[in-house]
Structure formats: C-alpha cells, structure tokens
Amino acid sequence: MAAVDVAGLVDRARDGEPRAVARLISLVEQGSAQLPEVAAALAPFTGNAQVIGITGAPGVGKSTSTNALVRAYRAEGKRVAVIAVDPSSPFSGGALLGDRVRMGDHATDPGVFIRSMATRGHLGGLSWATPQALRVLDAAGFDVVLVETVGVGQSEVEIVALADSTIVLLAPGMGDGIQAAKAGILEIADVFVVNKADRDGADQTARDLKYMISLGRRDREGPSWRAPVVKTVAARLEGLDRVVQAIAEHRAWMTEHGELTGRRLRRAGAEIEAIAVERVRTRFGPVDRLAERVVEGELDPFAAAEQLISGSLRE
C-alpha cells in the first residue's frame, strides 16, 4: 500500500474536510504502519473535545437518543462527531451500519461527522480502534464526540475508560432492567436516562434507580458525583435539554474536583498499555508450540510465559 501524506491529511482534517477525517480513521481501523506518524501529527491538537459515552441494553433507544443529542448540541452551535460502534457482520467483518442509517437526518450537515465502526468480535461494546479514532476527531476540532456502544448489556463497561461523561439508558417494559444492569452498567453511569418515558412503568424505573443510587453513596468517602436520573422521550425530542444540562453539570463538577484530568490521565495510560501489549504480542508471534507443550504437560503456563518473554522459545 502506498504511503499516505499524513501531514497533508491532518491539515485538511483540521480545515473541516470530512473525507480527510474519514481517511485518517480508516488508517486507524486498518492498523496502518503509518499510525505512529498519524499519532504524532495529531498530538498537538488534542485535548479539547468533550467525549460523551452512550450505552445501555438493546432496545432502549440509544441511536434515537444519540440522534437527538446531536440535534441539541448543533442548536448550541457546536461541531459534533458520532462514533457508532456496530456489531460486526459475521460474513464480512464490517459494521452493519444500522446506527448511521438511523442518523441520516444529519447527513448533509457540515458540522456533523458520523462514523460506524465494527467491533470485529471485540467484547466490551467498543471497537479496539475507538481510542485512536477519538484522537482523530478531537484533533479535527469537534467540540463534542458522542460514542454510542454496541448493545451487549453488562459487558459495555469499557466506555467509562474512554468517556468524560457516560450516559446509561434504560427503558420501562423491558423486563427487570435494573436487575440486569446493576452488576456492571449501573456503576459506570454519570447520568441515567430513562427513555421511552411515555410508557407505563417509567416512573417506577426512575424511582428504583434513585433508590439504588442512594444505597451506593453510603459507602463512599469524600466528594462524589450523584448521578441524576432524567426521563426522556427521545423520539419526540422530549427531555433532551435536561440531559444536556446534566452533562454540563457533571463536567463542571469534574473540573472543580480534578476528576476530568484524572479520567483523561487514566485514558491515556490505558491507551499506552494497549499499544505496548499489542506490540509485544506482535513481536512474540504465535505461541502455538508453547501452547502444545502446556497441553501435553511438559510446561506450566508460567514457565511458558517466561520462555516467551525471555525469547528462549525451544523446540
């Protein structure tokens, strides 16, 4: 593959050219050999975008809510990017693009960029390339980046490592949603949204959430953010102003207490670690021979790992 003019692409992306932004994200998804060059070119321009994660079980209205939030932030004059992490096609490995289809209202708006990214089998609700894609969008000057995750229930807790603020959506009439969520998703929310609030049971769902939040706060010391519970009907754009307000209040609280910097430090640390682990894995290559020896009882896993690290792989 021919080398890409990375500096030129970054300049064009910062000038607001959607095709340049898309090309940079494609380099990320493809694991291009030029990724270090891309990261170096982007680094001076990052750190300004507000990253908002949107997660929840299937059917709660994540895409509809994301679409409504795009509209709300555009009304404030902000440039908005969306990363919609779709399930991978079992045939092609590509994203199914359902989220991008549903957000077609913004297709002609130059202030909105929408990208579907395939999970490619990655658990946790996010694509492995999402952190680097966030850097592209941040450097390209987007004020707000919305990351909508795959609806895989409790496994979606990865979003908390990437987002400045995380919205957890629930909806009434979908079984015991709080019981299903409390072991994982419930703990990561900065803002709870009970969507489809025009349905029976919405008030009870909101009350149950508030009760569980109050229980969680009893064991905490020092200042802690109390996640608000907001009811919305995203399909009719009802309640979205309160969601935007709650996110703004959370950002102000984080800034006051140093949590915003803390989250971004943890995000950068996790990204560094992931890149290092991937490079180590690539350097070591296949471990099939060692795995065979472990299965046959010749080696234990710890001894095999030591051989791998020391480079003393033997026949």
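Each value in this text was obtained by applying a stated rule to the coordinates, not by laboratory testing. Bear in mind the structure is a predicted one, so any value in this text is a computation, not a measurement. Reconstructed Cβ throughout: ideal geometry from the backbone, glycine too, with neighbour counts over all protein chains shown.
Summary of computed values
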| read-out | value |
| --- | --- |
| Ranked packing of 63-71, 226-234, most packed first, by mean Cβ within 10 Å | 63-71, 226-234 |
| Cβ-Cβ FRET estimate between residue 210 and residue 48, R0 fixed at 45 Å, reported to 0.05 | 0.85 |
| Efficiency of FRET from Cβ geometry, residue 300 and residue 268, R₀ 41 Å, rounded to 0.05 | 0.70 |
| Label point 7 Å beyond Cα of residue 7 along Cβ direction - residues of the stretch 36-56 with amide nitrogen under 12 Å | 41 |
| Cα-projected label distance for residue 14 with residue 74, points at 7 Å along beta-carbon direction, nm | 2.7 nm |
| FRET efficiency for residue 34 and residue 309, using Cβ-Cβ distance with R0 set to 25 Å, rounded to 0.05 | 0.30 |
| For residue 231, residues with placed amide H under 5 Å, excluding near neighbours | 194 |
| Contour excess over end-to-end distance, with Cα ends at residue 187 and residue 237 and 0.36 nm allotted per residue | 15.3 nm |
| Under Karplus coefficients 6.51, -1.76 and 1.60, residue-wise ³J(HN,Hα) of the stretch 2-11 in Hz, glycine/proline x | 5, 5, 9, 6, 5, 4, x, 4, 5, 4 |
| Whole-Hz couplings from phi, Karplus 6.51/-1.76/1.60, listed for the stretch 35-43; x for Gly and Pro | 4, x, 5, 4, 4, 5, 6, 7, 3 |
